[in-house]
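Worksheet: one structure, shown below.
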Amino acid sequence: MKTHRYPKMFWWIIVILFLMTMYSCRSARPKLAPAPSGSPPAPAEPAPAPSKTSPPQQPSPSTGKPAAPPPKEAAPLPSDKTLPEEPYFTHTIKWGGETLFIIAAWYTGDRDNWRALAQAMTRENPNVNIHRIRAGDKIPVPESLMKTRDSMPKEFVDNFYQTSKPEKPPPKPAPAPKEEEEPKLFGPKEFPKK
């Protein structure tokens, strides 16, 4: 068997390459810009916050610089509750084996709309597990996707799980009778008597 000529050097090269890779992958630290030299040092005690009822301060003529404009109030981000509510049809799970896929196929006519049903479920209850649907659970179906309001029959659910009946294999032919007796493969051997 052939061995490497310099096994220790080989491992040192691997270690050095690993360290170089780790050094180059480290996160870059943000560099702080130096403070302008003309600005006065910050006061030791924090200044009291101006009240909202006080008028905005005018720039002082002695500094020559205009004061920074007051910060604008951030606009509130739209949340799920501020969005207009889309009307939903509520389907109650009755049969075992119902899935969002099957429910979407029945009510919307398109099985791929299961994602819209999942989004509607999580919008109403963010902690719901869309993969665990049990009898009695209520599934919201968006009205904009609805094709039918009829209740889903059990036969529709069963059709998704219906498998073709296995064909009966043809009967095996009976084994042909053996003409010769097979020798025993295991067991004690009988030796001829002397």
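The values are calculated or read from the model by the stated rules, or taken from the named source; none is laboratory data. Values in this document were obtained by computation on a predicted structure and should not be read as measured data. A quick note on method: Cβ atoms are made from the backbone with ideal geometry, for glycine too, and the neighbour counts reach across all protein chains shown.
Can you confirm whether region 94-101 contains a residue that is modelled with pLDDT under 85, surrounded by 14 or more Cβ atoms within 10 Å (Cβ to Cβ) and part of a loop (DSSP other than H, G, I, E, B)? Within region 94-101, one or more residues are modelled with pLDDT under 85, surrounded by 14 or more Cβ atoms within 10 Å (Cβ to Cβ) and part of a loop (DSSP other than H, G, I, E, B).
Anything in region 95-123 that is over 22 Å from ASN159 (Cβ atoms), touching a residue at least 24 places away in the same chain (Cβ under 8 Å) and not small (Gly, Ala, Ser)? List them, or say none. Of everything in region 95-123, just one residue is over 22 Å from ASN159 (Cβ atoms), touching a residue at least 24 places away in the same chain (Cβ under 8 Å) and not small (Gly, Ala, Ser), namely ARG123. Would you mind finding the one in GLU73, GLU86 that is modelled with pLDDT under 85, part of a loop (DSSP other than H, G, I, E, B) and in contact with a strand residue (DSSP E or B) (Cβ under 7 Å, 6 or more places away or on another chain)? When all the criteria are applied, what remains is GLU86.
So which residues in region 124-138 are basic (Lys, Arg) and either within 12 Å of TYR88 (Cα to Cα) or at pLDDT 90 or above (or both), if there are any at all?
LYS138
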